[in-house]
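To start, the structure under review is shown below, and the notes come after it.
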Amino acid sequence: NGKENTVINGDYNVSGGSITLQDVSLNGNVSGKGDVTLTNVTLNGCVNVATVTALNSSGSTSEVTLENVDMEVSTVNNVSAITVQGSALNMSDVNIHFSSELGEYTVPTVKLFNVPSGRIENCSIDAKTTNTGEGNADITGIYISNGTVDVVNCTIAVESTYNNSDGYGDFYSTALTAADGSVVNCENCTMTGST
């Protein structure tokens, strides 16, 4: 009940059920399929809720809700900070600091597939990566494929440093990518990087 600071070390896996974490610090990842709610959480890890048929116990579409979450994610495995597939998404007041060493793959900070409805509001994404490969791997702030998402009052800043010799510098970094039939409504957003 918010009376003491709670630190949890370890990963959480949801298998068709639901998880709610509130007023805690979590050093680990949240993954699986089902309903996920994080409120007032400091997260040193990733959120990966990915399934083609994500249904909760009532038979409706699963939901991922992140509210007032501070995320610090550093990865060398080309893993996104947030991945949601087949679930509804509600993000508000989420701050993501993402750093990664990229090899040959492009890595979105927030990766959304088949999201029937989504709202990202009052959020900030600060993503910085180093490209160590020979190709044009880059960082993307938000990548949406086959989804409908509102992005409101957000700041998205992406920056890549290249150690290869292709000569393109930060050309490949994108703040927002909408692909494969996606509908994205942006309002009052600040983006650094191409779209």
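A few points about this structure:
- In nm, spacing of pseudo-spin labels at GLN22 and THR155 (7 Å Cα→C-beta vector): 2.9 nm
- Each peptide in 25-35, 11-21, 78-88 gets a packing score, the mean of other Cβ atoms within 10 Å over its residues, and the list from highest to lowest is 78-88, 25-35, 11-21.
- Placing a pseudo-label 7 Å from each Cα along the Cα-to-Cβ vector at TYR105 and ASN185 gives an inter-label distance of 3.3 nm.
Where a number appears in this text, it was derived from the coordinates with a stated rule and is not lab data. Values in this document were obtained by computation on a predicted structure and should not be read as measured data. With ideal geometry, Cβ positions are generated from the backbone for all residues, glycine too; neighbour counts draw on all protein chains shown.
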